[in-house]
Amino acid sequence: MAFRGKEMMKKIMEKIGGEKNLAPGVKQALKQAIPNSKVVMNRAKRGLFAGRHIQFGNQISEDGGNKSRRSWKPNVQDKRLFSYILDRHVRVKVTTHAIRCIDKAGGIDEYLLKTPYHKMDTEMGILWKAKIEKLYEELGNMEVVFFTPEAEADLDQDFKDMRLEQREARKQLRRQIYGWSGKQKQIEEQQEDLNPNNWGGNSHEISNNQVANYH
């Protein structure tokens, strides 16, 4: 455990060479962007705890009222949360309170976007929040194109044709690898005989020999 906000501010000041190199008002802006929680567990770096951290107190005995120091740890669960902007599940350690906050916000993306930086009390939360904000900003700068119903129908037909071509290509590849079986050839010849387009002439009936051979 550590005083996370003070440590982060101290590291920032060491990297920039002290407060003398800061412009007026920058330090206050940094304080608003850095978590202001007092005690944060080390394992909170790897999850979203939503302000729930270890607590300390006394355990009082029922008989003599003797007090002994103890601690209460938050209920941390390992969950897979779906991110719409990433289009995949994200495995993260969260507290039960954080799960309720995420459900209330409408998802992990909305929770990270709505929660301000100074209330995001873990390094992982700050990192994910910055990443999600950048992705949504890039998404907002993209151009959106709307298709007409006719164009959507053409696209669907193109996808169907592409899938049929891929299926036929796989069939041809299997024939080249495993060879052409005589039984399969016989079945296809019988199917061609039963096709009305291949009968020819004025005949509209299937001969008994063709039906017998087919069965």
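Check whether at least one residue in segment 153-173 is touching a residue at least 24 places away in the same chain (Cβ under 8 Å), open to solvent by 90 Å² or more (accessible area, probe 1.4 Å) and either closer than 30 Å to ALA29 by Cβ or not polar (S, T, N, Q) (or both), and report yes or no. Steps first, please.
Looking only at segment 153-173, we keep the residues that are touching a residue at least 24 places away in the same chain (Cβ under 8 Å), and these are none.
No.
Regarding MET142, is this residue within 30 Å of ILE85 (Cα to Cα) and open to solvent by less than 100 Å² (accessible area, probe 1.4 Å)? Show your work before the answer.
On the way: within 30 Å of ILE85 (Cα to Cα): yes; open to solvent by less than 100 Å² (accessible area, probe 1.4 Å): no.
Here the answer is no, as MET142 does not meet what is asked.
Which number in (1) in contact with a Lys or Arg (Cβ under 6 Å, 6 or more places away or on another chain); (2) modelled with pLDDT under 90; (3) more than 19 Å from GLU123 (Cα to Cα) marks the one condition that GLN59 misses?
Just one mismatch for GLN59, condition (2).
So, GLU137, is that one out of contact with any strand residue (DSSP E or B) (no Cβ under 6 Å at 6 or more places or on another chain), open to solvent by 70 Å² or more (accessible area, probe 1.4 Å) and within 30 Å of ARG46 (Cβ to Cβ) or not? I'd like the intermediate steps shown before the answer.
Numbers: out of contact with any strand residue (DSSP E or B) (no Cβ under 6 Å at 6 or more places or on another chain): yes; open to solvent by 70 Å² or more (accessible area, probe 1.4 Å): yes; within 30 Å of ARG46 (Cβ to Cβ): yes.
Judged against the criteria, GLU137 is a match.
When the residues of segment 90-131 are filtered to those that are farther than 15 Å from ARG46 by Cβ and among the hydroxyl-bearing types (Ser, Thr, Tyr), which remaining residue is most open to solvent (accessible area, probe 1.4 Å)?
TYR117
Can you confirm whether ILE126 is aliphatic (A, V, I, L, M), within 30 Å of the chain's Cα centre (by Cα) and at pLDDT 90 or above? First the steps, then the outcome.
Values: aliphatic (A, V, I, L, M): yes; within 30 Å of the chain's Cα centre (by Cα): yes; at pLDDT 90 or above: no.
So ILE126 does not fit the description; no.
Step by step: first the residues of segment 74-89, then only those that are without any contact (Cβ under 8 Å) to a residue 24 or more places away in the chain and part of a loop (DSSP other than H, G, I, E, B), then the one that is most open to solvent (accessible area, probe 1.4 Å). Which residue is that? If you could, list the steps in order and put the result at the bottom.
Going residue by residue through segment 74-89, those that are without any contact (Cβ under 8 Å) to a residue 24 or more places away in the chain are 75, 77-80, 87-89.
Of the ones still in play, those that are also part of a loop (DSSP other than H, G, I, E, B) are 75, 87.
Details: ASN75: 81, ASP87: 115 Å².
Taking the candidates together, the pick is ASP87.
Being of a type in the set (A, V, I, L, M, F, W, C), open to solvent by 40 Å² or more (accessible area, probe 1.4 Å) and modelled with pLDDT under 85 is the filter here; which residues of segment 36-56 pass it? Full working, then the answer.
As a first pass, look at segment 36-56 and keep what is of a type in the set (A, V, I, L, M, F, W, C): 39-41, 44, 48-50, 54, 56.
Then keep just the ones that are open to solvent by 40 Å² or more (accessible area, probe 1.4 Å); that gives 39, 56.
Matches in segment 36-56: VAL39 only.
The values are calculated or read from the model by the stated rules, or taken from the named source; none is laboratory data. Nothing here was measured: the structure is a model prediction, and the numbers come from that model. Don't worry about glycine lacking a Cβ; one is built from the backbone with ideal geometry, like all the others, and counts go over all protein chains shown. For accessibility, only protein heavy atoms count, side chains too; no ligands or nucleic acids. Shrake-Rupley method; radii C 1.70, N 1.55, O 1.52, S 1.80 Å.
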